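The values are calculated or read from the model by the stated rules, or taken from the named source; none is laboratory data. Note that this is a predicted model, so its numbers are computed, not measured. Quick reminder, even Gly has a Cβ in these numbers, built from the backbone with ideal geometry, and neighbours come from all protein chains shown. Just so you know, the surface numbers come from the protein's heavy atoms only, side chains and all, with ligands and any DNA or RNA stripped out. Shrake-Rupley method; radii C 1.70, N 1.55, O 1.52, S 1.80 Å.
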Amino acid sequence: LVFMPDNNKVILLVEDDTFLVDMYSRKFTDYGYTVVTASNGKKALDHIKTKKPDIILMDVVMPELDGFETLKIIKNDVATKDIPVIMLTNLGQKEEVEKAIQMGAADYLIKAHFTPTEVANKVKEFITSHPYH
(Lines give C-alpha, C1' and ligand atoms only; values in the text may rest on other atoms or scores of the structure.)
Protein backbone atom coordinates (compact mmCIF):
# COMPACT_ATOMS: atom_id res chain seq x y z
CA LEU A 1 0.00 0.00 0.00
CA VAL A 2 1.20 3.48 -0.83
CA PHE A 3 -0.01 6.31 1.37
CA MET A 4 -0.11 9.80 0.00
CA PRO A 5 1.28 12.51 2.29
CA ASP A 6 -1.49 13.78 4.49
CA ASN A 7 -1.37 17.56 3.96
CA ASN A 8 1.72 17.80 6.15
CA LYS A 9 -0.16 16.99 9.33
CA VAL A 10 2.08 17.29 12.38
CA ILE A 11 2.13 14.57 15.02
CA LEU A 12 3.71 15.33 18.38
CA LEU A 13 5.02 12.08 19.84
CA VAL A 14 5.73 12.39 23.56
CA GLU A 15 7.71 9.32 24.60
CA ASP A 16 10.90 8.81 26.59
CA ASP A 17 11.83 5.39 25.15
CA THR A 18 14.17 6.14 22.23
CA PHE A 19 13.55 2.75 20.60
CA LEU A 20 9.80 3.43 20.48
CA VAL A 21 10.36 7.01 19.33
CA ASP A 22 12.40 5.73 16.37
CA MET A 23 9.92 2.98 15.55
CA TYR A 24 6.78 5.17 15.67
CA SER A 25 8.51 8.13 13.99
CA ARG A 26 9.54 5.97 11.06
CA LYS A 27 6.02 4.60 10.70
CA PHE A 28 4.35 8.05 10.81
CA THR A 29 6.92 9.47 8.39
CA ASP A 30 6.17 6.58 6.00
CA TYR A 31 2.53 7.69 6.17
CA GLY A 32 3.50 11.22 5.13
CA TYR A 33 3.22 12.91 8.51
CA THR A 34 5.68 15.35 10.01
CA VAL A 35 6.79 13.98 13.38
CA VAL A 36 7.96 16.14 16.27
CA THR A 37 9.19 14.30 19.35
CA ALA A 38 9.52 15.18 23.01
CA SER A 39 10.95 12.99 25.77
CA ASN A 40 8.83 14.50 28.57
CA GLY A 41 5.82 16.69 29.23
CA LYS A 42 7.81 19.91 29.67
CA LYS A 43 9.38 19.58 26.23
CA ALA A 44 5.99 18.61 24.80
CA LEU A 45 4.40 21.82 26.09
CA ASP A 46 7.19 23.88 24.44
CA HIS A 47 6.66 22.05 21.13
CA ILE A 48 2.89 22.52 21.25
CA LYS A 49 3.35 26.30 21.26
CA THR A 50 5.89 26.37 18.43
CA LYS A 51 4.97 23.41 16.20
CA LYS A 52 1.15 23.52 16.57
CA PRO A 53 0.59 19.76 16.19
CA ASP A 54 -2.59 18.32 14.67
CA ILE A 55 -2.56 15.45 17.13
CA ILE A 56 -0.53 14.42 20.17
CA LEU A 57 0.43 10.85 21.07
CA MET A 58 1.62 10.77 24.64
CA ASP A 59 3.03 8.23 27.05
CA VAL A 60 1.91 8.41 30.68
CA VAL A 61 5.08 7.41 32.52
CA MET A 62 7.78 10.00 31.77
CA PRO A 63 10.37 12.00 33.68
CA GLU A 64 9.76 15.58 34.87
CA LEU A 65 6.11 15.90 33.86
CA ASP A 66 4.05 12.77 33.34
CA GLY A 67 1.35 12.26 30.73
CA PHE A 68 -1.58 12.96 33.06
CA GLU A 69 -0.09 16.25 34.28
CA THR A 70 0.75 17.27 30.72
CA LEU A 71 -2.74 16.33 29.51
CA LYS A 72 -4.26 18.45 32.29
CA ILE A 73 -2.18 21.49 31.26
CA ILE A 74 -3.06 21.02 27.56
CA LYS A 75 -6.79 20.69 28.28
CA ASN A 76 -6.86 23.66 30.68
CA ASP A 77 -5.28 26.02 28.15
CA VAL A 78 -7.72 27.71 25.79
CA ALA A 79 -5.06 27.76 23.04
CA THR A 80 -4.42 24.00 23.16
CA LYS A 81 -7.54 22.37 24.63
CA ASP A 82 -8.93 21.30 21.25
CA ILE A 83 -5.83 19.43 20.09
CA PRO A 84 -6.67 15.72 20.20
CA VAL A 85 -4.45 13.77 22.60
CA ILE A 86 -4.16 10.00 22.37
CA MET A 87 -2.51 8.36 25.34
CA LEU A 88 -0.11 5.64 24.17
CA THR A 89 1.11 3.70 27.18
CA ASN A 90 1.64 0.35 28.82
CA LEU A 91 -0.51 1.31 31.79
CA GLY A 92 -3.65 -0.67 31.16
CA GLN A 93 -5.56 -0.39 34.42
CA LYS A 94 -9.22 0.49 33.94
CA GLU A 95 -8.86 3.44 36.37
CA GLU A 96 -6.02 4.96 34.33
CA VAL A 97 -7.95 4.60 31.08
CA GLU A 98 -11.04 6.23 32.64
CA LYS A 99 -8.95 9.00 34.24
CA ALA A 100 -7.35 9.88 30.88
CA ILE A 101 -10.70 9.93 29.05
CA GLN A 102 -12.31 12.04 31.82
CA MET A 103 -9.38 14.45 31.58
CA GLY A 104 -10.05 14.91 27.87
CA ALA A 105 -7.91 12.32 26.07
CA ALA A 106 -9.40 11.39 22.70
CA ASP A 107 -8.32 7.76 23.03
CA TYR A 108 -6.14 5.45 25.11
CA LEU A 109 -3.98 2.86 23.38
CA ILE A 110 -2.03 0.21 25.26
CA LYS A 111 1.30 -0.23 23.48
CA ALA A 112 1.42 -4.00 23.95
CA HIS A 113 -1.96 -4.40 22.23
CA PHE A 114 -1.07 -2.61 18.98
CA THR A 115 1.72 -2.84 16.41
CA PRO A 116 3.21 0.45 15.21
CA THR A 117 1.32 -0.03 11.94
CA GLU A 118 -1.98 -0.40 13.84
CA VAL A 119 -1.18 2.72 15.89
CA ALA A 120 -0.37 4.64 12.70
CA ASN A 121 -3.62 3.45 11.10
CA LYS A 122 -5.61 4.55 14.17
CA VAL A 123 -3.95 7.98 14.08
CA LYS A 124 -4.62 8.32 10.33
CA GLU A 125 -8.26 7.32 10.90
CA PHE A 126 -8.57 9.81 13.75
CA ILE A 127 -6.98 12.70 11.84
CA THR A 128 -9.26 11.99 8.86
CA SER A 129 -12.45 11.82 10.91
CA HIS A 130 -11.60 14.58 13.44
CA PRO A 131 -9.56 17.24 11.62
CA TYR A 132 -8.14 19.73 14.13
CA HIS A 133 -6.83 22.48 11.82
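Before moving on, here are some points about what is shown:
- Take the chain with all the other protein chains still there, run a 1.4 Å probe, and you get 54 Å² of accessible area per residue.
- Summing charges over all other residues whose Cβ lies under 13 Å from the Cβ of LYS99, with Lys and Arg as +1 and Asp and Glu as -1, gives -2.
- Comparing ALA106, SER129, ASN40 along the charge dipole axis of the chain, the residue lying farthest to the positive side is SER129, per the Cβ-charge model.
- Among [x] 10.5; [y] 12.8; [z] 7.4, the entry that matches mean projected area of the Cα convex hull in nm² as calculated here: [z]
- Normalised by the number of residues in the chain, the average gap of Cα pairs under 8 Å and 6 or more apart makes the relative contact order 22 percent.
- Restraint check, LYS43/LYS75; LYS9/LYS99; LYS99/LYS124; LYS52/LYS122; LYS27/LYS49; LYS43/LYS94, Cα-Cα greater than 26 Å: LYS9/LYS99; LYS43/LYS94
- Once backbone amide H atoms are built at 1.01 Å from N, ILE55 has VAL10, LEU12 as its partners under 5 Å, excluding neighbours fewer than 5 places away on the same chain.
- Listed peptides 8-14, 124-130 appear in the order 8-14, 124-130 once ranked by packing, highest mean of other Cβ atoms within 10 Å at the front.
- Just the protein heavy atoms count here, and of the accessible area of the chain at 1.4 Å, carbon and sulfur take up 53 percent.
- Long-range amide H partners of TYR31 with built H, under 5 Å: none
- On the basis of the beta-carbon distance and an R0 of 30 Å, ASP82 and PHE19 show a calculated FRET efficiency of 0.45.
- Gain in span if fully extended, LYS49 to ILE73, counting 0.36 nm per residue against the direct Cα distance: 7.4 nm
- Of the peptides 71-78, 91-98, the ranking by mean beta-carbon count within 10 Å, highest at the top, reads 71-78, 91-98.
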